[in-house]
Each structure stands twice: as C-alpha cells, then as structure tokens.
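Peer 1: Here you go, one structure.
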Amino acid sequence: MRIVITLSLFLFFASIAMDITAQGVFKGKVIDSKTKVALVGASLKLDEIATGTITDGEGKFSFENLKFKSYVLLVKYQGYYDVVQKINVESFVNQEIIIEMRLNIRELTTVEIRDDKIVSHPYSKQTISRVTLSQEPVRDIGDFLRSIPNVSAIRKGGANLDPVIRGFKFDQLNVQVDNGLSMEGGCPNRMDPTSAHVEASDIEAIEIYKGPFALRYGPVMGGVINMLTINPRPYETFSVFVKGNMGYESNWNGMRQHVTVLGGNQKIFFALTGNDARYGNYSDGDGSLVKSDFRKMGFTGKLGYAPAKNHRIIFSASKFYARDVAFTALPMDERTDNTSLYSLDYQAKNISNTISSLEFKAYASLINHVMDNNERPFGDTTSSIAAIDALKYGYRAEAGLNIAKGHLFVGTDFYRVEKDGQRDKIMLSQFPMQIGLIPLKVENLWNQAVITNLGLFGEYKREWTMWEMVVAIRGDFNQAYSDSISLLNMMGVDLLGTPADSTSSELINFSFSAGVTRNISEFFTLGASFGRGVRSPGMIERFIVSLPTGYDNFEYIGNPNLKPEANNEFDLVLRFNKSQIGAAEFTVFYSFIQDYIGGEFIPKTIQKPLTQSVLGVKRFENLGNANLAGFEFGYNSPTFWKMMVKFSGAYTFGAIKEIEVLEFDANGNAINAEMVSNDPIAELPPFEAKLSIGYKLFDMKWIPKADFRYVAEQNRVSEASLEPVSPSFYLINVSMTYRFSDYLDVACGINNLLDTEYTEHLNRRVVGTDYRIPEPGRILYLNVNYNF
Amino acid sequence: MKYIVFFVLLIIAFSSCQKDNDEVQVVYAIKGFSQPYKVVYAIGDLNKTEVFNIDPAGSTSYEWKAELQAVPGKVTYLYVESDENISNVSGFHATIFVEGKVFRRAYDYDGTRQMPNDTTFYIKQFGTIPF
C-alpha cells in the first residue's frame, strides 16, 4: 500500500514537474497552397502565448518552451486567407508541420494598417475592416460609425452625419484621411463634416482612437477617426485587378456603384476609383415622407513609385461632387459641394537598425460649398444663397526610431486653413428702391479668416515581459486672424463691430498622455491611461458672423479671444482573451474638461438676431468646467466557432458645472436668467446595447445573421439648450451574405425589420418644429461585391 | 465565366447612370397694356437684371413674352411698372409659366408709387421653380 501511495505521489509530482519545466517544441513551414513557395514573414500566434512569431527567409517558424497541451494556432499573411487550426504539443515529440495557405485575391488589394508598435493599447482603439463595410449598406460614413459602441452621429438630413465619440464632437475630434490629411468643411452648420467628403466605398479601413491619447496624429481632445482609403501597392509581376460593388436600398430607392482598378509592377503601381450614389426621400416607420435625397459622385487617381525596396512614393488626386443634398433640420440645403483633395506621401521602412520608419505627407484640400433656402417655404419671399470657399493645406513628417529597447516616434505637423464666404439675401418681397435693382443684402459668414497650427510630437513605447508602457507629448503653436467681423445693416451701420486688429490670437498648447498595460493573468490584461489633450478653438467658434450654428435655436457670433479647451481623461481597460471562449473588453473613462466652449446669451438690447424665429443671439465663450464619464463593453466569440456571437454596450453621461439657463415669455423674449449647476451636456446619446448572432454554413459560403439593438430613453437632457427627451426603442435587423466564389459575393438583408417608427437622440429637430428627424422605416438592401 | 459576370455587372452599372437633364422651360408673359410700360425680369442670378421698355402701340391684345431655360430651385422674378391703370382691363395678366403651366399670375397691379402729379402702378411676381 505504501509503495502504491509513494509511486502515485511520485508520478503526480513528476507530471507537475514536467508541466512546469515543459520543453515542448512546435515548428514547421508555411507555404502557398498552389505554388508550394515558402511564405516569408507570415505571422503565427498560439492562443495563450503572449507573443507570436514570424516565418524566416525559408518560410520556417518555431515555438519553444511550450507546455504539453493543445493550442489553437492562427496564421496570417497579407493576401492569403487566415489559417486557424488546433495543434497538440506532446512530450518527447518535436512537432513539425507544413501549413498551406490559400491565396485571397481580395486581400491583395487591402490597405496596410499602419503599425504603431503597440501590442496592447492602454486605451480604446478599434479598427473596422473593409469586409465589415462591404457587407453593410454604407451610404454615409458617419451613419455607419454609429454601429460602434459609444460612437454616435448627429443627423441633420439624409446624408453627411457628423460623428460623435463619447459626447465629444466637431472640432473636439481629430478626423483625418490616410494618416494625416485633414479638411475644413465649407458649411457653418457643418453640413459637410470631414467624413462627408470621403466616399464610403473608397474606405479600406477605419481606425478609431477614443480619448486624448493618440497625440501623434494631430491635436486631439476627444478622439481620432482615421479613414484609410484604397491605396496602390507594388506587385511581383505586372498585374491588374478590378473590384467593385453595387448596392441598392429600398425605401430610399437608393442606388450606389463603385469600381476600383488596381495594378502595376514592383516599381510603378496605381489605383483608380470611381463612385456614384443617388438616393431619394425615405419614409419613416409611420409612413411619413422625410426629405432626405442626395446625389454624390467622385473619382480618385493614385500613382505609386517604389524607388528602392521598402521605399514608396504615392501621389493622389481626388474630386468629389455633391448635388442637392437635403437637410430638413437646417434652414438651407446643400446645392453644390465640390471637393478637391491632393496629397504626396513618402514612406520608408527598415532604413537601419535605429531608424525603423520614415513618413512624410504633404496635402491640400479645397472645398467650394454653395447652399440655399430655395426649397423652404420662406425661400419664396427671401432667397438666401451662401457660397463658401475653404482651403486647408499642410504636412506631416515622422520618424520611427528603435531606442533604448523601445520604440520612439518623433515628428512635426503643420496646417493652414483659409476660409471666406458670404450669404446673399435677395429680398424678393420688398419693393425695389430703383427699377431694375432687386433689393439685395450681402452678409459675411467668414471674412478672410485664417488659422495656422504647427505641432511637434513624440511617442515612446517600451515593452517588458508582463508590461507595456506608452508615453506621448505634444506641443502646438496656433495662430488665427481674420478681417473685421462685421455685419452691416441696410444703413451701412456695423452691428457687430470687431475690427481686424482685434481678431488675432496666438495660443501655445501642451498635451501629454501616459499609459501602461499589464498581463495580470494568462487571459487578462489591464490597461490604464491618463492624458491631457488641448485643442484650439475652430473657425466657427472664433469667426462665424451671426448664424444659427448650434444645437439650440440661437444665432451664434464668433469670439476670437477664446481660450483653448482641454480634456483631462483617465481610462481603464480590462481585456480578456481565451481562444476557446472568445475575447471581451470593458472600458471605463472619466473626463474633466476645462474651459468648455459653449454659447453665452447676449441681450436683445445689445444684439438682435437677424434670422426670423430664433430665440436670440449667443456668443461663443469659455463656460468653465465640465465632466464626462461612461463605459463600453464588448464580446466576440472565437473565430473558429461556427456560431458568431457579438455583444456590446455603451453609455456616457456628463454635465457642465455651471451654465446660464434662460426663461422665455410667450413671445419668445428672454425674461429671466439663472445660473444652474451640473446641467447635462446636450447631445449625449443614451445607453444602448447590441447583440448579433450569425452562423457559418457550408464552409463559410453562407452566413445568415440577426442583430438586436436596444436604446434606452434619454431623459438626462440639457435645460440650457432646451433639449427634449427621447423615448426608448429597439430594432431588429436580419441579413445574409453568400459567397459565390472568390470573385463574387452578395450581401442582402432587411434593416428595421419591424418597420419601427423611431428617432435617435442625436437627430436634430426638423426646422420650425419640436420633433426630431425620424429614422428610416424598413429597408431591404442588396450589395454585390466583385473582384477580378 | 468571371469575365461574363464582370461585363454583366458593368452593363448594369452603366445602365443605371442617368444624364442630368433637369432644365425646365420658363416663360414670362404680359398682356393687356395699351400704353408703354417697363419690364424687369431675371432668373437664377438676380444680380443681373435688365429694364425693357415695351410699347404695345395702343393694342391691349399685344402679348409680350420672354422664354428661358432654368433648373428647379432657381428663383424667378418679374417686375412691371406702368402709368396705366389696368384694373378694369379684361384679360389682363402678368404671368410666370413653368413647363407651360401657370406658376405665378397677377390680374391686377400690386400697388402704386405716388409721386407729385404722377402715379406709377407696379406688379411684382416671383417664386422658386419647384423641384
């Protein structure tokens, strides 16, 4: 008996010892399934092992010091389908396998996501790929971004939704294209945010960084949205590929088409894209028609040249046109919008042991924007036509350096914005003072306004076994000036009277961020970040000449003397990843905002409004402190499961510490004002949760899916902005994708299956009413994606 | 097979392209004056107007017309000044037609400008061409 016990104990401890001192080795080779050629640089990762490996010059790889157990192996290589397979590491056996990877033609045309050298971000970063975009009826990027937790968008019409991240919006966000190209929209009411000037079908991926942490990409306060468009790339031999998609949506009776031609050889390569979209008016769930039509078209040409290995130069030119875009929440519609974008990019990698990357980008954007009120009832008595020209140009230069066992990015960026525009009011109903002259009033919207910003930045990342650290700093020198901010009445008297020499300002801003991530167990990582992001006021806030630009029903006057706005934010991110269970992420954040920019009422005795039916005039001012807080969570099932489960939720709340709340009489005159503490910030979305369930059938050829979305009532509303509450609702969408072949796949579905009548909290009110723009009712859609 | 599919998709894509041809016919017409009068009309660009002196040579059956092409959304404007009181003139009209249909029409003058020893009658019609 004693011998049995002793032997048992020996075997038990021996097994533990073997496990602790596991010497399992797993190695092999990765090859192309057709040509059997070794694939160099393929990435391999075993679940539960923090770091992966890549294949060497002969396509070989090796994992060592493995425990004797089963693992799930994930193999990735650009242009090939991923390989996911289970492997069993056994004692006394050196595993060696051949992994064959199948070519994916569509992936050959995929953009390379920029490597920021951070393995596990201590803040929230999400990347949305082209695959996701191609399966949805994406008619507008801002509309599509609403599918991401704690990202919403302000709707003023059928298209051109304006993104909001955790309650931060407009100039509080850094929205850019292709790693640095930024634009200045033409409209003072933000009919044309940056995301509206990029065609959704041109997008290959979208990166979203929440918080003031990603300081490499420009001044940032609330977050960065980086839209990556289709880029040309070199090919081993001369090749030409064609890919495109066509989409249709019922309800809108909307059609859109997009085609891309990519090709070239190792030295010279190109990408040409063209797109067209025409959408009509949609009906809401109650059958009421909503004026929402628009037409958009555009084309882009990119030419690349690789002077040497690992060096690339790309020149890009784009033209986008929008016509007759209806904005039912604004007093005007967009009649024409012509956008020209130009950029010159240089990229080099692996220059030396120290210099891992060099990037340089020079860009220019020119927007000509014309809007009018000709489709408004009051357009028959006073025809208003506004024309604005906005020019923005700049550069971004960055070097990536391997220093002190870590990685350092240093760089500089610069931009200059020039904006000018006027509104012509043709007083049709007025008697002409002289025959032949129709009474005309010309009002400046901007008067030769200019803003420049020069930035210097650095970001250092260092990794240890269990820790990863990222610190970043940034300095900005911001200058702004304009010709006089004036508004002449019919007698030639200046109603605003800000002379040109009172409009100039210079600001020096410092931002910083620091974050750490720690593996707290085999499956959990915990990240914490603190950052202070400072942004200078924008064109509208500094220089706009009396226009209803805000959420509330007031005219706004710019204030050249505004102080910068600063967001001090702390984020905590908990991540879980176990291959057999899936991946989950939970984030909480708290923001303390200083010098929050909002509107301060100007009594009518000092300044009367120029627009009919507004409540009065406000001037942009720094209102003091505000705070925002909230959370996001998400879960994704393992990729090798046949069933696909995705669950997410998000909520943000916030308030301004102290703000003036006005009281009005029956005639709309302000009769009283009082200071209110902790008034909720306007336009914060309510809590929402989403569940998506799909199933992969017939070797992933056919994937049906159902989405459920619940949005709670929003009753934390701004008293100062007279914001109404919004009711709760839930939606059901169903869809299906079918892959006919490597060249053709189809996605179809029904959004708002139950034809629910609902509105999002961030939808603006239809002009002249108290109700928000309703969302579309039931929509049947069809997307056809092809690759040749 | 893939090229057949490609060309079918290409044909579908091109067939859905529509040529923009939204222009409509706009006609300004005035009938019923017997004495000289002044006409101002414009369409779209209302900064550019011309004053036309029209003499019907004593005949109320004379009809003055101006035909233009314009896209929906453009503003139409017709202004007439005369010393003649046409209130009791049967068949008088000052009309803006869009695509052959009456868009705006006046049967009488809108008002007067009183000058010493002189009264000038005026008519003003305007509106945005419907979409």
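Peer 1: Can you pull out every residue in the stretch A:543-556 that is among the charged types (D, E, K, R) and surrounded by fewer than 24 Cβ atoms within 10 Å (Cβ to Cβ)?
Peer 2: A:ASP552
Peer 1: Could I ask something else about it? Could you tell me which residue of the stretch B:9-28 is farthest from B:THR128 (Cα to Cα), considering only residues that are more than 10 Å from chain A (Cβ to nearest Cβ), modelled with pLDDT under 80 and not in a loop (DSSP other than H, G, I, E, B)?
Peer 2: Here is the first cut: in the stretch B:9-28, the ones more than 10 Å from chain A (Cβ to nearest Cβ) are B:11, B:15, B:19, B:21, B:23-28.
After this cut, where a residue has to be modelled with pLDDT under 80 as well, the list is B:11, B:15, B:19, B:21.
This time we only want the ones that are not in a loop (DSSP other than H, G, I, E, B), so: B:11, B:15.
Numbers: B:ILE11: 38, B:SER15: 32 Å.
In this case the residue turns out to be B:ILE11.
Peer 1: Go through the stretch B:29-104 and tell me which strands (runs of 3 or more DSSP E), entirely inside it, have 1 or more residues that are among the β-branched types (Val, Ile, Thr) and under 20 Å from A:SER383 (Cβ atoms).
Peer 2: B:37-43, B:75-82, B:93-98
Peer 1: Right, next: From the set of residues in the stretch A:467-502 that are assigned to a loop (DSSP other than H, G, I, E, B) and farther than 30 Å from A:GLN430 by Cα, which is modelled with the highest pLDDT?
Peer 2: Among them, the one singled out is A:SER482.
Peer 1: Now a separate question. Give just the number: which of (1) modelled with pLDDT under 90; (2) not assigned by TED's automatic domain parsing to the domain that holds A:HIS369 does A:ARG130 not satisfy?
Peer 2: Of (1) modelled with pLDDT under 90; (2) not assigned by TED's automatic domain parsing to the domain that holds A:HIS369, only one is false for A:ARG130: (2).
Peer 1: Any residue at all in the stretch A:285-296 that is in the same structural domain as A:ALA387 (by TED's automatic domain parsing) and closer than 22 Å to A:LEU181 by Cβ?
Peer 2: Yes, the stretch A:285-296 contains a residue that is in the same structural domain as A:ALA387 (by TED's automatic domain parsing) and closer than 22 Å to A:LEU181 by Cβ.
Peer 1: Separate question: May I ask you to verify whether A:ASN179 is among the polar types (S, T, N, Q), in a loop (DSSP other than H, G, I, E, B), at negative phi and in contact (Cβ under 8 Å) with a residue 60 or more places away in the chain?
Peer 2: no
Peer 1: Count, please, the residues in the stretch A:430-466 that happen to be in a strand (DSSP E or B) and within 14 Å of chain B (Cβ to nearest Cβ).
Peer 2: 3
Peer 1: With the condition kept exactly as written, say whether any residue in the stretch B:107-130 is of a type in the set (A, V, I, L, M), more than 14 Å from chain A (Cβ to nearest Cβ) and more than 30 Å from A:LYS291 (Cα to Cα).
Peer 2: no
Peer 1: A further question on this structure: What residue, among those in the stretch A:229-268 that are of a type in the set (D, E, K, R) and more than 23 Å from the chain's Cα centre (by Cα), is farthest from A:THR194 (Cα to Cα)?
Peer 2: Step by step, filter the stretch A:229-268, then rank; the result is A:GLU236.
Peer 1: Note down all Cβ pairs under 6 Å where the first residue falls in the stretch A:376-387 and is within 10 Å of chain B (Cβ to nearest Cβ) and of a type in the set (Ser, Thr, Tyr), the second is part of a strand (DSSP E or B) and surrounded by 20 or more Cβ atoms within 10 Å (Cβ to Cβ), and they're at least six residues apart or on different chains.
Peer 2: A:SER383/A:ILE426; A:SER383/B:VAL75
Peer 1: Do we find a residue being more than 14 Å from chain B (Cβ to nearest Cβ), within 17 Å of A:ILE314 (Cα to Cα) and touching a residue at least 24 places away in the same chain (Cβ under 8 Å) anywhere in the stretch A:245-253?
Peer 2: Taking every residue of the stretch A:245-253 in turn, none turns out to be more than 14 Å from chain B (Cβ to nearest Cβ), within 17 Å of A:ILE314 (Cα to Cα) and touching a residue at least 24 places away in the same chain (Cβ under 8 Å).
Peer 1: Please determine, by comparing only the residues of the stretch A:620-664 that are within 19 Å of A:GLU683 (Cα to Cα) and among the small types (Gly, Ala, Ser), which one is surrounded by the fewest Cβ atoms within 10 Å (Cβ to Cβ).
Peer 2: Filtering the stretch A:620-664 for residues that are within 19 Å of A:GLU683 (Cα to Cα) and among the small types (Gly, Ala, Ser), the one surrounded by the fewest Cβ atoms within 10 Å (Cβ to Cβ) comes out as A:GLY624.
Peer 1: Looking at A:TYR279, A:TYR248, which is the one that is among the aromatic types (Phe, Trp, Tyr), closer than 27 Å to A:ILE165 by Cβ and at pLDDT 95 or above?
Peer 2: Result: A:TYR279 is the single residue among A:TYR279, A:TYR248 that is among the aromatic types (Phe, Trp, Tyr), closer than 27 Å to A:ILE165 by Cβ and at pLDDT 95 or above.
Peer 1: A:SER721 - would you say it is under 25 Å from the mean Cα position of the chain (by Cα), of a type in the set (S, T, N, Q) and buried (at least 17 other Cβ atoms within 10 Å of the Cβ)?
Peer 2: Against the criterion (under 25 Å from the mean Cα position of the chain (by Cα), of a type in the set (S, T, N, Q) and buried (at least 17 other Cβ atoms within 10 Å of the Cβ)), A:SER721 does not qualify.
Peer 1: Oh, and also: Could you identify the single residue in A:ALA196, A:ALA271 that is of a type in the set (A, V, I, L, M, F, W, C), closer than 30 Å to A:ASN453 by Cα and either under 22 Å from the mean Cα position of the chain (by Cα) or more than 14 Å from chain B (Cβ to nearest Cβ) (or both)? Step through it out loud before you land on a result.
Peer 2: Numbers: A:ALA271 fails: closer than 30 Å to A:ASN453 by Cα.
Of the residues listed, the single one that is of a type in the set (A, V, I, L, M, F, W, C), closer than 30 Å to A:ASN453 by Cα and either under 22 Å from the mean Cα position of the chain (by Cα) or more than 14 Å from chain B (Cβ to nearest Cβ) (or both) is A:ALA196.
Peer 1: I'm checking my understanding of the structure. Among residues of the stretch A:408-449 that are among the charged types (D, E, K, R) and modelled with pLDDT of 85 or more, which one is farthest from B:GLN125 (Cα to Cα)?
Peer 2: Applying the filter and picking the extreme gives A:ASP413.
Peer 1: If only one of A:ASN752, A:ASN763, A:ASN733 is closer than 18 Å to A:THR132 by Cα and of a type in the set (S, T, N, Q), which one is it?
Peer 2: Only one candidate passes the filter, namely A:ASN733.
Peer 1: For residues that are of a type in the set (A, V, I, L, M, F, W, C) and within 14 Å of another protein chain (Cβ to nearest Cβ), scanning just the stretch A:746-788, find the one that is farthest from A:PRO724 (Cα to Cα).
Peer 2: Filtering first and then ranking leaves A:PHE788.
Peer 1: Another question, then. Could you list, in sequence order, the residues of the stretch A:71-86 that are part of a strand (DSSP E or B) and either touching a Lys or Arg at 6+ places or on another chain (Cβ under 6 Å) or over 13 Å from A:SER579 (Cα atoms) (or both)?
Peer 2: Those that are part of a strand (DSSP E or B) and either touching a Lys or Arg at 6+ places or on another chain (Cβ under 6 Å) or over 13 Å from A:SER579 (Cα atoms) (or both): A:VAL72, A:LEU74, A:VAL75, A:LYS76, A:TYR80, A:VAL83.
Peer 1: Give the stretch B:38-62 a look and list any residue that's exposed (fewer than 15 other Cβ atoms within 10 Å of the Cβ) and either closer than 30 Å to A:ARG335 by Cα or more than 14 Å from chain A (Cβ to nearest Cβ) (or both), or say none.
Peer 2: B:ASP45, B:ASN47, B:LYS48, B:GLU50, B:VAL51, B:ASP55, B:ALA57, B:GLY58, B:SER59, B:SER61
Peer 1: Where in the stretch A:655-751 are there strands (runs of 3 or more DSSP E), lying fully within it, with 2 or more residues that are hydroxyl-bearing (Ser, Thr, Tyr)?
Peer 2: Per the criteria, A:688-695, A:729-739.
Residue-wise test of (1) more than 14 Å from every other protein chain (Cβ to nearest Cβ); (2) farther than 30 Å from A:GLY515 by Cβ.
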residue	(1), (2)
A:TYR217	yes, no
A:GLY223	yes, no
A:ASN265	yes, yes
A:ASP276	no, yes
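Peer 1: Would the stretch A:259-271 turn up any residue that is over 23 Å from A:ILE314 (Cβ atoms) and touching a residue at least 12 places away in the same chain (Cβ under 8 Å)?
Peer 2: no
The values are calculated or read from the model by the stated rules, or taken from the named source; none is laboratory data. All values reported here derive from a predicted model rather than from experimental measurement. Note that each Cβ is placed from the backbone with ideal geometry, even for glycine, and that neighbours are counted across all protein chains shown.
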